[in-house]
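The structure appears below as structure tokens.
The values are calculated or read from the model by the stated rules, or taken from the named source; none is laboratory data. Everything numeric in this text was worked out from a predicted model, so none of it was measured. Positions of Cβ are generated from backbone atoms using ideal geometry, with glycine treated the same way; all protein chains shown enter the neighbour counts. For the accessible areas, the whole protein counts, side chains as well, though only heavy atoms, and no ligand, DNA or RNA atoms are used. Shrake-Rupley method; radii C 1.70, N 1.55, O 1.52, S 1.80 Å.
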Amino acid sequence: SNDELFTIINHSAVSAALSPLLALTLLTIIEKLFKMPTDITLLQLSDMSRPLLRKLQTEAPGTYHHSITVGNLAEAASEAVSANSLLARVGAYYHDIGKTFKSEYFIENQQNSVNKHDKIAPNMSAFILSAHVKEGIKLAYENHLPEVIIDFIRTHHGATRMEYFYNKALNQSRSTDEKVNESVYRYPGPKPNSKETAIVMISDVVEAKCRTESSAGADRFRQIINDIIMEKLQSGELDEC
């Protein structure tokens, strides 16, 4: 009858309207409980028109392009070892957002202009470099990024030493007899705590190193990548993942 048909259509319409709302609510609850974003959330975060990624694009364009390439490398590497490739890619997009703070002090944003580090003390350079992690975490919390994405910001340098500025300080100390505090030239950690964060750490160094060797062939790139991975292993940076 018409009444039954009307009731069925009515119920179907209500069901169609409520089902997505219920699903989204449940997904949000699951994300909060397990502290793991769903693929839907990760895909939303990978949208390049998101405020933080737009900020990175306009304020630190070199870092933005670096992050996209790191994301591509991390995604491919994650697929190869059955890690979460979408999480690795999105984590890579956000790992350097702290470089929007004093972006001109990072080499990828300098575009053949004067290197600002030439005019400041190495310990000041180390402070600025280290600050990009702290600033990134702060920005991430302000923009309500999931904790697992913030982990990529925290861990992508682990406790590595800033060799260039550490050696610069050692060279300067030879003429002044001043003691060099090694801890000033180390990132505070923590070290990567998952497959995905470790892959982004490695991809980050690989991209930066290989960018300076654009004329190298495949064998040379293999050697660079192997050396980077072995160095991270031997220095203990991969001990917690």
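The table below gives the values:
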| quantity | calculated |
| --- | --- |
| Separation in nanometres of the label points that stand 7 Å from Cα toward Cβ, at Tyr141 and Lys119 | 3.3 nm |
| Nearest-ten-degree value, helix 122-142 long axis tilted from longest Cα axis of the chain | 10 degrees |
| Long pairs among Lys102/Lys179; Lys55/Lys99; Lys138/Lys232; Lys55/Lys209; Lys55/Lys191; Lys134/Lys195, criterion Cα-Cα beyond 18 Å | Lys102/Lys179; Lys138/Lys232; Lys55/Lys209; Lys55/Lys191; Lys134/Lys195 |
| Loop-located trypsin sites (Lys or Arg not before Pro) in segment 147-241, at most 15 other Cβ atoms within 10 Å (DSSP) | Lys179 |
| Fully extended contour minus Cα-Cα distance, from Ser214 to Thr176, at 0.36 nm per residue | 9.8 nm |
| Dimensions in Å of the chain - Rg and Dmax from alpha carbons | 22.6, 99 |
| Relative contact order (%) - criterion: Cα under 8 Å, at least six apart; region: segment 69-122 | 24 percent |
| Degrees between helix 85-94 axis and first principal axis of the chain (Cα, 0 to 90, nearest 10) | 60 degrees |
| Dipole magnitude (debye, nearest 20) for the chain, charges at Cβ of Lys, Arg, Asp, Glu | 760 debye |
| Phi-based couplings in Hz for segment 156-170 (Karplus 6.51, -1.76, 1.60; Gly and Pro marked x) | 5, 10, x, 10, 5, 9, 7, 4, 4, 6, 5, 5, 4, 5, 4 |
| Potential lengthening between Gln110 and Met230 on full extension [0.36 nm per residue; Cα-Cα distance subtracted] | 40.2 nm |
| Solvent-accessible surface (1.4 angstrom probe) belonging to Asp47, in square angstrom, nearest 10 | 80 Å² |
| Segment 36-147, relative contact order [Cα under 8 Å, separation at least 6], % | 28 percent |
| Nearest 10 degrees, 0 to 90: helix 218-234 Cα axis against the chain principal axis | 90 degrees |
| Whole-number percent relative contact order across the chain, with pairs defined as alpha carbons under 8 Å at least 6 apart | 19 percent |
| Surface per residue (accessible, 1.4 Å probe) for the chain, Å² | 57 Å² |
| Solvent exposure ordering (accessible area, 1.4 Å, most first) of Val148, Val70 | Val148, Val70 |
| Filtered GluC sites (Glu not before Pro), segment 175-241: DSSP coil and at most 13 other beta carbons within 10 Å | Glu178, Glu213 |
| Solvent-accessible surface (1.4 angstrom probe) belonging to Met230, in square angstrom, nearest 10 | 80 Å² |
